[in-house]
Each structure stands twice: as structure tokens, then as C-alpha cells.
Amino acid sequence: MLGCFFSLTTFTAINLKMKKSIVLLAALVFCITSISQPLQSPAQFLGYKIGTRYTPHYKIVNYVKALAQAKSDMIKIEKYGETYEGRELLLTYISSPENLKNLESIRQNNLSLTGISKSLPQLNNAPAILWLSYNVHGNETSSSEAALLTLYALVDPSNSRTKEWLKNIVVVIDPCINPDGRDRYVNWFNAVAGKNYNVDVQSREHGEQWPGGRSNHYNFDLNRDWAWQTQAETQQRLIKYSEWMPQIHVDFHEQSINAPYYFAPAAEPVHEVITPWQKEFQQTVGKNNARYFDENGWLYFTKEFFDLFYPSYGDTYPLYNGAIGMTYEQGGGPRGGLGVVNDNGDTLTLVDRVMHHYTTGLSTVEAASKNATRLVSEFKKFFDNGRNAVGSDYKTYILTSDDAYKITSVKNLLDRNGIEYGAFNGKVKGFHYFSGKDEEGTLQKYSLAISAYQPKSALVKVLFEPKGTLTDSITYDITAWAVPYAYGVDAFALKDKKILTAYNTPAEAGKINVVSSSYGVLIPYSSLNGARVLAYLLKKGVKVRIAEKPFTHNNKNFDRGTLIIIKTSNASNWLAVVNEAANLYQVQPIEVNGGFVDKGADFGSPDVRMILAPKVALLTGEQASSTGAGEVWHFFDRTLDYPITLINAQDVAGTDLKSYDVLIIPNGRYRLLSDKSTSEKLKEFVRSGGRLIAMQNAVEQLAAEDWGIKLKDLKDEKPAGDSYNLLKKYSERERENVDQMPGAIYKVELDNTHPLAFGYPENYYTLRQDTRIYQFMNEGWNVGVIKKNELVSGFVGYKLKNKLKDGLLFGVQQMGSGSVIYMADDPLFRLFWENGKLLFSNAVFLVGR
């Protein structure tokens, strides 16, 4: 400041030459702008009271930056990434000035508590870390507004309570996890609402249009992605989360406009790795929240609906990583608008919703500060127990495959989650995932091993245990997800501790040899990377053939599905493109010098056919499931890197389907499928050589419209006169309806001689989310079937267990010159079901050509 005043005095008092004057003027401007901006409340900065308007994301960012400039001794901000649409992702770190000066030392010490960092931890006066995450669902908008109020309250110099709390804790705030979704909702609302908001729930401002703002750019639900990290926003955020490992994490949400506020403690089922302390502190925070809500006369509920089992939520994932993970749910969501009258006749405003989240946020800060010492000590105990494998039935997990890509995929998942792994080359005897029995096993070409004796022991158990223990059958999400089944990797769970050696990346990985051949090359087709090579070659105009039967060439055996690329009919650069694709996707091509094989079909045989590059379209829009369509879109855009055209379902009647070879109908409820003229148009598309891929609900709709597939009837046959089963207790009405399967793993028998199942063994593990199963087709190929009760893992209602058998899940029906591919289960489920991605790729590229 003295320097600035000196410059001003000099500038006004001395008559200098023009050049010097310009220099001094520039210095003056710099000095004035570098003076700390005054601290402003959100209302002062934005020009409106929080909750009376929606704040777009860029203004949220601007306010956070202004706070950091005004209170640089208490706030530090960090850009940790960008969304798919290029919006900033920010973290704010808030604490006392003394703590903020030592922020990096606090972080390093906190990692030492976990054992992730090997330095000796300091327990005395170690601050607890509280992480608050807002707006993971973009159309649950009140939380980001509340984040601004919370930030201001924490640094407001007149707030003596928060000043005292921050001496014991560091608060990490992510003000908006899903900016793309938030802006999609906010921009839509501002476009349809008038000067005065309308509280009538039937008004258009309460009826958000497809796909809604809940999801990210690719219509993916980011609150299902914590463990799997398939989306850019999650991947970038979890890097920072793993660098901090907080003691508490709160995820702010919204629910129905008719629901009171929800906060922890959570409902059953609660996974068995969650400790008594974690449950106890949920009670502590819940009671503190309740105290403030009771003072204000606000309604709330606890211990219902929101359980702690599926590992990829914003409450469970932190819990499995040693934190107190909690979800807070405010009534409102996309139907809330700025104000709405709910079913009770009460007017719920955005101001109300914001204040509720603001209150629980500060209440949690208070509870964390008052219990900081025990939070830190119990946190350390959690990881001490992990390093000693306390509570782990299985001590070692061995995963093995002849395909390097499959092992590498698991390795990448482990790396993203900070899970330690190594190598083991000894005798393997334990629970065999694929047989369901305890037996000896043989290691295949590639393998890795995971010990339960590590800091992430609890997470290892949750992700790899063959079968989870459910304490309650009424659960919010899927009940099975074991990595070996999801990734299609052979595995053993051992009950004894094994000494692991350092893991070495397979020698082949990263060292793809360039091939040189004047005739052609072969590409193995045993995993998703084979399909990615195929997509790359087709996109580049390379002509590819496929072997429909196994063959032997130059004394080496090749399975059906092997890709054959020969010089004939290809452009002069064909071999360079093949080498590019092979190196990009780490698949070793094999050069051949002629088409005569030792055994099987020669390369000119009718059993070796050409694969033509398909033009692919995807139905999307109102009648499609936004997340179902989003999975397919993301898969083409980010995994296959292959062009796809998105068509609104309502426009199909006027669309020239002859422009496409493949039409994908994702999960959804389609009026067009019951429209006679549109249905006939789709059949004509198939008869003329097109391929139609129907997924989940779309399969059921085709079955109802006489397409050639029939739904299997699973209804009970009740004995005549048996009326006692009509006597039911009202209090048990939820459990009477648990004749369901929220998500369980089944073993499917595959006909791997069919192109839909090329690259697979004789079995595939599918995630079943509903009870629909189909009759075996008389006219068609029953490629994936359940012959008997093949439940492998997860919960299925007792009435259903013995009925889900002898039925079709994946099939192909010829219709004229084309094909209909039925996929009753989702092979792309949340994009973490790695083993289904090849099956879906086969449907696109291999079937029916």
C-alpha cells in the first residue's frame, strides 16, 4: 500500500515526460487492482438474495474466486479439472489462518494416518478433514446455492462460532460437482419461467424436459460412479479426494417435493465393513442436525430408504475409505423450481431448500470440530485394522487371464482407487469365482494378486468379495458387482495370506512389434481391445475379414473371430494403419505370407467373410432412458471412437432409415414400437438388411408386438381354494413386494460359435436388474441362455429364485436380409461392466454381415 501511495504522489506531483507517465499510470492501476477486494456476501456480490434466482455455474465460480481473493488467509481455491463441456471444476479449502499456512503439511500428515504415506503421523492437534460435495445431480440445484452461503459463513469475520470451529478442522468444499447438468437445468428453467414463478405443480416450469439436468454431458449419473470412475468429472475429482482422504464426506442431494429432509443415520442394509464408530458418528451428526431442525420446526426423517451397500455412492465410497460418509436429501429436485405447492398444500421455495442444506452443512462443521480429536484417532484405527486385514475372510485375491488387456483393465481400476497389488507365482487354492467351488487353480499367462493386508483393505473386500452379506433385502440399488465377474477375469479368493512380489507390467504391454508383410496380418479377437482395433480399421477404410471357424496357421491356433486383413482390395497404406491401430490399443498383430492354412478354412473360404463398416444410429430423446442412451453414446464416443448418429425417437417416422446399417434402441418406453406404421417401418428396415439392437425394456416391447420373441410367464400357479395367501399384514407391505431382483449376477451359457459371442468362453456373467426372461426362440439363435438356477451373487426374491431358469437373455433373429439382436440385460451397465462391452461390440460389427 505504501508503494501504491508513493506512486500516486509521484504521478500527480511531478511533471514527467509522456513515456514515464504511461509507465507510472500502469503501476498505479496494478496497485489499485491488487488491493484485496472487500468481503461480500453472496447477495452483495450477485445482486440478489440466494434462493430468489438460480445462480449459473460461472457466477458460482466468480463468487468463489472473489471470496478467495478477499480472504486469502482463510481460503485457498484449486482448479482440479474441467467437465466434458469445458466448465471449471473447483475445490475450496477453508480453515483458520494458522491451518491454511500449513495446509500441505496437514494433508501429508493426514495421509500418514492411513499408511498410504509411509512417514510417521502426528496425532496431537491434527485437524480433521471435512469434505462437502454439492450438486452431483445437476437438477438438484439448491445445494450449490447453499454452498455459497456456507462458504461465506465460514469466513465471515463477524461469525465467531465458525472462526472457533475452523481451528480444529479443514473444510474442503466442492461447490458444484456437475456443472454441465446444473447449467442444463438452470438455462432450461430460466427459459420457461416468467417474471414471477408459478407454484402450480402442473406449470411447465415444474416439468423438466428430456434428458434433464440430473446427469452429466453423456447423461451419466455421477453419483453411481465413485468406485468405477468411468467419467471425466469423477476421475479428476477422485485424484484430489485420494490426495486428502477426509474423515467426513457429505453429499448434498434433493428428492421428491413431498419428502421432508433426510439426513443420517442411514437405513439398512449397512455393509459389514462399516465400523461401529462410523455408525455412531452418523448418530452424533444426525442428532446435531435434528437439534437445529427442531428449533426451526422443520420436518426430517432418518434411518429410512437410503442404505449403505452399493460401493459407488457419495456416502458408501467414503465409508469404505475410512470416512464418515453421509447423504443429505432435501425435498425439491427438478419439480421444485423457485417455489411449488406440494401434496400437503405447503409452498416449498428454493429459499427454504437452500436454508435447510445450509443448516445441515454448518451443523456438520460444528459436529466435526467438536469431535476432531476422536475423528482423527478412529480414522487412524480404521486403517491400522486394514493393514492387519481385520474383518477380511479372504486374505488374498488372485486374478489371471491369457489376455493382457483384461489384467491391465483390472490394474487400471486398482490404480484409480489407490489399491495396492503385486505378483504371486505359487500354488493357488481357494474359492474359484467361475466354478463357485473351493479348488486348486492354474495361473494363466498373465496375473496379479491383491492382499487384504493394506490400507485399502475394506474397499478391497467390498469390490472383490464373491458374495456380499445383506442385512435387509429392501435395498436402494444393485446387490452384486464383484470385479472378477464384471471384468470377466478368472479369479480365486484365498483365505491365507500370501507374500506378494513387486508387480511387473507384462512384457508385451507397451511393446507392440511393428509387423511387415506383403500379404496380410491376423488380429486376435479375445477382448474389447480387439473390437477397438476393428472399429479403428473400419473407420479408416481398411477392409477387414473375420474367421467364423477356428483355424491353424503356421502351427499356431487361432480362434473364431480372428480378424484377417490382407493386401487384396485395400489401399496402399493398409499395413501402416494396422500397425497404428495395434499400437494404440495394445494388440499384437501377426504377419502371414499366404492364405493357405494348416487346418480349417483358408482365407478365401466362404467361412471367412468381409466386415463392412456400418453406419450406426441410436434412438434418443423423450422415449429413451437418458442414462441408457448415454451409456451407448459414451461408449461410441469415448471407447470405440466410432461415429454414431443420435436420432430423436419421436422423429423415426420421418427418418430415412436406409441411411443406416445398425439402429440401436436402448432401454426406454417407446410409443413408436406400438405404433403400427412405425413398427412396420422398423421391420422393413431389418428385412432390407439392417440390424436392430434392442436393449432391456425395448426387448419386452418387441415381445408384446409380435416380433418373434416371447416373454416367459413367471406367475404363480395357485391351488384352487387356497385363499390364505391373501391374508397379508399392512406393516409388511414393502416386503410383500420384494419379489424382485434389484441387481444380481447370473451365469449365462453362451453359444460362442455365433458371432454375437465371438471372443468369449462358454459362459458370461450378466447383471440382472429385472425379472424378464424370454422363451427359447424357434426361429432364431439362442446365444445367451439360463438353463437352470444360475444365480451367482446378489439378492433375488425368494419367490423368483426357482423361476429364473430355462430362458433366453441374448438372442439373434433373422428377418429377411437383416437381423434383430435382443439384449434383455444391459451389457454396458454404468460402463463398469467391462465384460459386456465386447458382446455389445459384436452386435454392432459382427452379427448378420
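The values are calculated or read from the model by the stated rules, or taken from the named source; none is laboratory data. Note that the structure is a prediction, hence the values are computed from the model and not measured. FYI the Cβ positions are ideal-geometry reconstructions off the backbone, even for glycines, and counts take in every protein chain you see. Accessible surface is based on the protein model in full, side chains and every heavy atom, while ligands, DNA and RNA are left aside. Shrake-Rupley method; radii C 1.70, N 1.55, O 1.52, S 1.80 Å.
Key figures for this structure:
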| item | result |
| --- | --- |
| Distance from the stretch 255-308 to the stretch 662-707 (C-alpha centre basis), Å | 44 Å |
| Charged-residue dipole, Cβ positions (Lys, Arg, Asp, Glu), the stretch 487-586 about Cα centre, Debye nearest 20 | 100 debye |
| GluC sites (Glu not before Pro) lying in DSSP loop within the stretch 740-849, provided at most 12 other Cβ fall within 10 Å | Glu762, Glu779 |
| Partner aspartates and glutamates for Lys803 [C-alpha distance under 13 Å; skip if fewer than 8 residues away on the same chain] | Asp713, Asp716, Glu717, Asp739, Asp770, Glu790 |
| Stretch gain in nm, segment Asn504-Thr347, where the contour uses 0.36 nm per residue and the Cα spacing is subtracted | 50.3 nm |
| Asp73, Asp490, reordered so the largest accessible area comes first (probe 1.4 Å) | Asp73, Asp490 |
| Shape call, the chain: gyration tensor on alpha carbons, a/c limit 1.5 | prolate |
| Full-stretch length increase - Thr568, Thr753 - with 0.36 nm per residue and alpha-carbon distance subtracted | 63.9 nm |
| Extension gain from Glu268 to Asn102, taking 0.36 nm per residue of separation minus the Cα-Cα distance | 55.8 nm |
| Dipole axis of the chain (+1 Lys, Arg; -1 Asp, Glu on Cβ), positive-most option in Phe424, Gly848, Leu443 | Phe424 |
| Most to least packed among 61-69, 194-202, 112-120, 329-337 [average Cβ atoms within 10 Å] | 329-337, 61-69, 112-120, 194-202 |
| Gyration tensor (alpha-carbon) shape descriptor, the stretch 325-401, a/c threshold 1.5 | oblate |
| Where the chain is the region considered: accessible area per residue in Å², 1.4 Å probe | 41 Å² |
| FRET efficiency, Arg609 to Thr771 (Cβ-Cβ, R0 51 Å, nearest 0.05) | 0.85 |
| Of the trypsin sites (Lys or Arg not before Pro) in the stretch 752-797, those whose Cβ has at most 12 other Cβ within 10 Å and which sit in DSSP loop | Lys787, Lys788 |
| Carbon plus sulfur fraction of accessible area for the stretch 255-414, probe 1.4 Å, in percent | 49 percent |
| Listed residue (Gly818, Tyr328, Gln229) projecting farthest to the positive dipole end of the chain, Cβ model | Gln229 |
| Most positive-pole-ward Cα, Ser688, Ser674, Phe635, against dipole of the stretch 597-689 from beta carbon charges | Ser674 |
| Inter-label distance, nm, simple model (7 Å from Cα along the C-beta direction), Glu440/Tyr798 | 4.1 nm |
| Percent of beta bridges antiparallel (DSSP, the stretch 44-198, rounded to nearest 5) | 60 percent |
| When each of Lys437/Lys805; Lys395/Lys467; Lys381/Lys411 is checked by Cα-Cα distance, pairs over 24 Å | Lys381/Lys411 |
| Filter on Lys445/Lys567; Lys681/Lys710; Lys406/Lys556 - keep pairs with C-alpha separation over 24 Å | Lys445/Lys567 |
| Calculated [θ] (222 nm, deg cm²/dmol) that DSSP helices of n ≥ 4 give over the chain, each run adding -39,500 (n - 2.57) | -9500 deg cm²/dmol |
| Rounded FRET efficiency, nearest 0.05, which uses the C-beta distance separating Trp210 from Lys240 and R0 of 22 Å | 0.10 |
| Coil-residue chymotrypsin sites (Phe, Trp or Tyr not before Pro) of the stretch 767-847, DSSP, other Cβ within 10 Å capped at 12 | Tyr798 |
| Asp656 versus Lys805: modelled label distance in nm, points set 7 Å from Cα along the beta carbon direction | 5.3 nm |
| Rounded to the nearest 20 debye, dipole of the chain from Cβ charges on Lys, Arg, Asp, Glu | 1760 debye |
| Sites Asn555 and Asp602 - FRET efficiency at Förster radius 22 Å, r taken between beta-carbons, to 0.05 | 0.85 |
| Antiparallel bridge percentage (DSSP; both residues within the chain; nearest 5) | 65 percent |
| Cβ-placed point charges (K, R +1; D, E -1), dipole of the stretch 738-849 about Cα centre in debye, nearest 20 | 220 debye |
